[in-house]
Amino acid sequence: MKEPFKPNILIIDDEASICESLQGILEDEGYNVATACSGEAGVRHVASEPIDVVFLDILMPGGFDGIETLRRIKQISPDIEVIMITGHGTFELALEAGSMGALDFLGKPLSLDIVLAKVEEAAQKIERRRAQLTQENSEFERPIIGTSRPMQEILAKIRQIAPTNGRVLITGESGTGKELIAYAVHNLSPRQKAAFVKVNCAAIPTDLIESELFGHERGAFTGASSRRIGKFEQADGGTIFLDEIADMSPSTQAKVLRALEEHEFERVGGGQTIRVDVRVISATNKDLEAEIQGDKFREDLYYRLNVVPLHLPPLRERVTDLPSLIDHFLTRFCRENQKSKMLVHEKALAVLKGYSWPGNIRELRNMIERLVILCPHDTIRVDNLPIELNHRDNLAQISTERPLREAKSEFEYRFIQNCLETNGWNITETARQLGIERTNLHRKMRQYDIKR
Ligand SMILES: Nc1ncnc2c1ncn2[C@@H]1O[C@H](COP(=O)(O)OP(=O)(O)OP(=O)(O)O)[C@@H](O)[C@H]1O
Ligand SMILES: [Mg+2]
């Protein structure tokens, strides 16, 4: 049976007693509840944690008042349902909050029944919206998960560059989220209502790519039985996403360069010059500078495309994002498979954190989907994980081009870190398992700068 959706709740109020009593009431009903004692703290919390419903005091001293806090929360995520808490003489403010998208307002003193009814109403509203999204199957409207420093920096950069027409070059290993980020740039830009047109340069045969990009006139070549509008034209007013750009042939590179320099091109087999207004975002998982060195990619095109570089680090370099990514995919796939929300056992999480994720977030997503379908209980344990994860410390992952001494140190470092995580950072237990003294373990942790 499908469990009812339990939203994550945040209470923002400068009065500690309100926070405490409201938290108590909601936790007794099984909700996950956090509190913040100021608007600023609340906004920070919303920016870093998956919150669905906020109770927000309308009058708070200093910094952000309720209205400013509401505005910022809606900016971070318009889908968060906000219930304002109002006192005497705040009727006008409450009206303003309503016009800014607050769900409702509750007067102090709060009534238990009304509080619970409001949360229920908010939960249903969110569920309806999500069900609709799933139906539309629009993956792109889904959030970009990531609170790690590199992801926060990328998100900040996206917000900064989205409103401009700056060309963006997104690099990163396969499965790191390049397409998701490209769409986010488009979706946050003034071009959002126009088309986002994707071209996978690697998937289109070389002799067809020019017609794919620029279109062709009837009879331009054998098989061109009618006029075709190319991707650049389809994207007029919007964004074109050139994926896998390192795979373009030299002649296509030359044509793309001209289209970028002059904002114009001709359809294949046509004399008419076509002008378009298109923002270009491109992506590759190859090292373009190396491709330039090897004469495979035009340097002038590289500089045209790479106005704003965005590099997505591999998942293994942002393991702090793993818990929230796992939670995000668990929520999604449990819902899609009509299962109640599953959990990951602490030790299994430690194993997942230690794995190198060569296929990055796509690999994680697929693995979680498989686990949701196949795991017989609602907690995923170490023995449910694919076998290769449990052998993660194999030598294959340690780069071979270095002295044995260094390789040994790396192995020792990873091995100790993994044992500590598996044992919940219990020093005595880890030292026992490793067969060394506790003092020796402490010394090694200092040596390798291993911290919880
Ligand atoms: N930060 C993220 N939060 C949530 N989902 C993500 C995130 N990054 C990637 N994904 C999901 O992981 C999958 C792979 O992402 P995407 O297709 O954008 O990667 P990519 O870098 O374009 O991969 P490739 O190089 O193989 O084309 C998608 O399902 C995407 O929605
Ligand atoms: Mg991609």
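Observations on the structure shown:
- Across the protein chains, with a 1.4 Å probe defining accessible surface, the residues E49, E421 rank E49, E421 from largest area downward.
- Reachable aspartates and glutamates from K347, criterion Cα separation under 13 angstrom, eight or more residues apart if same chain: D383, E421
- ³J(HN,Hα), Karplus 6.51/-1.76/1.60, whole Hz, each residue of the stretch 358-366, x for Gly, Pro: x, x, 6, 5, 5, 5, 4, 4, 5
- Three-way shape label, the chain, alpha-carbon gyration tensor, a/c 1.5: oblate
- The residues neighbouring V278, those whose beta-carbon lies less than 12 Å from its own, together hold a net charge of +1 under the Lys/Arg +1, Asp/Glu -1 convention.
- A Förster distance of 41 Å, applied to the separation of the beta-carbon atoms of N200 and R438, puts the FRET efficiency at 0.15.
- Mean separation of Cα contacts under 8 Å (6+ apart) over length of the chain, as relative contact order %: 12 percent
- The H on the amide N of V344, modeled in the peptide plane, is under 5 Å from the matching H of I380, each at least 5 residues off or on a different chain.
- One chain, two ends: L343 and E120. Fully extended at 0.36 nm per residue, the span grows by 77.9 nm beyond their Cα-Cα distance.
- Cα shape, the stretch 8-136, gyration tensor, a/c 1.5 rule: rounded
- Range in the chain, longest, excluding exposed chymotrypsin sites (Phe, Trp or Tyr not before Pro) [loop by DSSP; at most 16 other beta-carbon atoms within 10 Å]: 6-220
- Counting only aspartates and glutamates at least 8 places from K193 when in the same chain, those with an alpha carbon closer than 17 Å to its own are E136, E139, E141, E233, D236, D277.
- Between I427 and E262, the distance separating the two model label sites (each 7 Å from Cα on the Cα→Cβ line) works out to 7.1 nm.
- The magnitude of the dipole of the stretch 1-155, with charges of +1 and -1 set on the Cβ of Lys/Arg and Asp/Glu and taken from the Cα centre, is near 440 debye.
- Taking amide hydrogens as placed 1.01 Å from N in the peptide plane, the amide H of L56 sits under 5 Å from those of I12, I83, M84, I85, each at least 5 positions away in sequence or on another chain.
- Nonlocal amide H pairs with F265, under 5 Å, H built at 1.01 Å: I274
- Heavy atoms of D378: accessible area, 1.4 Å probe, square angstrom to 10: 90 Å²
- The magnitude of the dipole of the chain, with charges of +1 and -1 set on the Cβ of Lys/Arg and Asp/Glu and taken from the Cα centre, is near 960 debye.
- For D449, the accessible surface of its heavy atoms amounts to roughly 100 Å² (probe 1.4 Å, protein chains only, rounded to the nearest 10).
- Close lysine pairs were tallied over the stretch 32-185: pairs 8 or more places apart or on different chains with Cα atoms under 26 Å apart number 8.
- Seen from G98, the other residues with C-beta closer than 12 Å to its C-beta sum to a net charge of -3, counting Lys and Arg as +1 and Asp and Glu as -1.
- Heavy atoms of H263 accessible to a 1.4 Å probe, total area in Å² rounded to 10: 80 Å²
- Taking label positions 7 Å along the Cα-Cβ direction at both D236 and A47, the computed distance is 4.0 nm, reported to one decimal.
- Residues in the stretch 11-49 that a label on D327 would reach, taking backbone N under 11 Å of a point 7 Å out along Cα→Cβ: 32-34, 48-49
- 1.4 Å probe accessible area per residue over the chain, in Å²: 52 Å²
- For the stretch 408-452, size of Cβ-based charge dipole, Lys and Arg +1, Asp and Glu -1, in debye: 120 debye
- Net charge over other residues, Cβ less than 11 angstrom from the Cβ of F297 (K, R count +1; D, E count -1): -4
- Modelled spin labels at N165 and E317, positioned 7 Å past Cα toward Cβ, are 3.3 nm from each other.
The values are calculated or read from the model by the stated rules, or taken from the named source; none is laboratory data. As the structure is a prediction and not an experimental result, all values here were calculated from the model. FYI the Cβ positions are ideal-geometry reconstructions off the backbone, even for glycines, and counts take in every protein chain you see. Remember, those area values only see protein heavy atoms, side chains included, never the ligands or the DNA or RNA. Shrake-Rupley method; radii C 1.70, N 1.55, O 1.52, S 1.80 Å.
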